[in-house]
Amino acid sequence: MELKTLFSPKKIGNVQIKNRIVRSATFMHVAEKYGFVGERLLKMYEELATGGTGLIITGAAAVDPSGTGGPYQVVLYDESHLPGNKKLVKLVHDYDNTKIAVQIQHSGRQGVHPKYPTVAPSPIPNEETGITPRGLETDEVKDYIKKFVETSLMAYECGYDMVQLHSAHGYFLNNFLSPFTNKRTDEFGGDLQNRTKILRDIHDGIRDQLGKKFPIIVKFQSLDLLPNRITEEAGIEISKILSDIGFDGIEPSGTPSSKIVKKIEYENYFLPNVKKMKPFMKDCALILVGGIRNPISAEKILEREEVDFISLSRPLIYEPNLPNRWKSGDLTPAKCISCNSCFTTMNTGTYCVTKKNLEKKK
Ligand SMILES: Cc1cc2nc3c(=O)[nH]c(=O)nc-3n(C[C@H](O)[C@H](O)[C@H](O)COP(=O)(O)O)c2cc1C
Ligand code: SF4
């Protein structure tokens, strides 16, 4: 079978992507201390770029020092961060016109920084960390909007092809979307229009400076399994609002974001609700993430125009050259067995534990 659609080009905003394969943002913890781009990080992106992915989305980069998940997470908020990021962009661009987006983030109520207090839209205790974040004043929310805009402008200056706002997985921007973590009574809380206002204001702030020449995409929480949070209906409504705002692409995620996929029925696990968003997409690319392992089913999903791109994280940790393998005609599914053992390596430099164990046995 020929993977005609999977390997056909398509645009996100004004940027042509050579195929429909996106590398979903994956935090690798291999930056130099305090978030500078160094040789280990460059090597990892080189492997991805040579592997045939059309659009690489970087692991989350923090928009200010208080928003980092640790000293080895990439950051982008200061002039000193520009040279390393420029080097990274150039390296990726040099490989067969591969495109690169930077994902930008603040840890919000998941923050456990030893120096900075944890902040969020509302002071709802976080049972996992044991920390109750400080709820932000309206002016402080506006300061954070500025930080996201400024980081995006720096990303443009570095040559990134687009920026992705991280509004999923319980981090700062996701905290605004969820009725469980956002109890605000100002313009940034209340109904869905108000809860998405922070994304609208960041989007508009970037557009005011750069117009349509720099695509803005967003990964957002579209489904929570716990009560009083984001329902499937709310997720679909959010997708419509984001497309109406003018985002160039959306990548809907949810809880759990990295599901264990033991059976074929569990593959493409966000597809049932994500395909319902397609009719609401204006000039907005719909990117499917979550459990995509099989090139033939990916081809069919794209052929039926249920989504515009497919996005992979764990399969590319195991096999950075997976797109090239599929392109060469080897259509066996991704080798990643979705065991999630790579999460245990996240604080020391993410790698595929299964692959390493197999190599040891050889
Ligand atoms: C080690 C690891 C790190 C991740 N880091 C991020 C991240 O920085 N930002 C993000 O939005 N998602 C992150 N994710 C989630 C993935 O992007 C993706 O949404 C999820 O793993 C489902 O896709 P998959 O089945 O292809 O792995 C991470 C996943 C893994 C396994
Ligand atoms: S450790 Fe498991 S989930 Fe992670 S990349 Fe390897 S096989 Fe996939």
Kindly indicate the residue of region 348-362 that is surrounded by 12 or more Cβ atoms within 10 Å (Cβ to Cβ) and closer than 15 Å to residue 29 by Cα and also nearest to ligand 1 (Cβ to nearest atom) among those meeting that condition. 350
Enumeration of residues in region 337-350 that are under 19 Å from the mean Cα position of the chain (by Cα), outside any helix (DSSP H, G or I) and either near ligand 2 (Cβ under 8 Å from one of its atoms) or among the aliphatic types (A, V, I, L, M) (or both): 338, 340, 346
Do you know which of the residues in region 71-91 that are polar (S, T, N, Q) and in a helix (DSSP H, G or I) is surrounded by the most Cβ atoms within 10 Å (Cβ to Cβ)? 85
Hey, does region 207-215 have a residue that's assigned to a loop (DSSP other than H, G, I, E, B) and either under 30 Å from residue 317 (Cα atoms) or more than 16 Å from ligand 1 (Cβ to nearest atom) (or both)? yes
Given the structure, is residue 102 outside any strand (DSSP E or B) and in contact with a helix residue (DSSP H, G or I) (Cβ under 8 Å, 6 or more places away or on another chain)? no
Test: residue in region 303-311 that is under 19 Å from residue 162 (Cα atoms) and either of a type in the set (A, V, I, L, M, F, W, C) or surrounded by fewer than 16 Cβ atoms within 10 Å (Cβ to Cβ) (or both): yes
Scan of region 218-265 for residues that are over 21 Å from residue 204 (Cα atoms) and near ligand 1 (Cβ under 10 Å from one of its atoms), ordered by number: 253, 254, 256, 257, 258, 259, 260, 261
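So that you can scan it fast, the table gives a plain yes or no per residue for (1) touching a residue at least 40 places away in the same chain (Cβ under 8 Å); (2) touching an Asp or Glu at 6+ places or on another chain (Cβ under 7 Å); (3) surrounded by fewer than 22 Cβ atoms within 10 Å (Cβ to Cβ); (4) closer than 26 Å to residue 324 by Cβ:
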position: 5; (1), (2), (3), (4): yes, yes, yes, yes
position: 12; (1), (2), (3), (4): yes, yes, no, yes
position: 54; (1), (2), (3), (4): yes, no, no, yes
position: 69; (1), (2), (3), (4): yes, no, yes, no
position: 98; (1), (2), (3), (4): yes, no, no, yes
position: 105; (1), (2), (3), (4): yes, no, no, no
Within region 1-39, tally of residues that are within 16 Å of ligand 2 (Cβ to nearest atom) and of a type in the set (Val, Ile, Thr): 2
Kindly provide the set of residues from region 295-324 that are without any contact (Cβ under 8 Å) to a residue 40 or more places away in the chain and within 13 Å of ligand 1 (Cβ to nearest atom), ordered by number. 315, 318
Only residues that are within 11 Å of ligand 2 (Cβ to nearest atom) and surrounded by fewer than 16 Cβ atoms within 10 Å (Cβ to Cβ): list them for region 312-336, please. 335
Residue satisfying condition, being more than 22 Å from the chain's Cα centre (by Cα) and free of Cβ contacts under 8 Å to residues at least 40 places away in the same chain, within set 262, 278, 362, 327: 362
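Only the coordinates and a few stated rules stand behind these numbers; no lab work does. Computed from a prediction, not measured in an experiment: that's the story for all the values here. Virtual Cβ from ideal backbone geometry, glycine too; neighbours counted across all protein chains shown.
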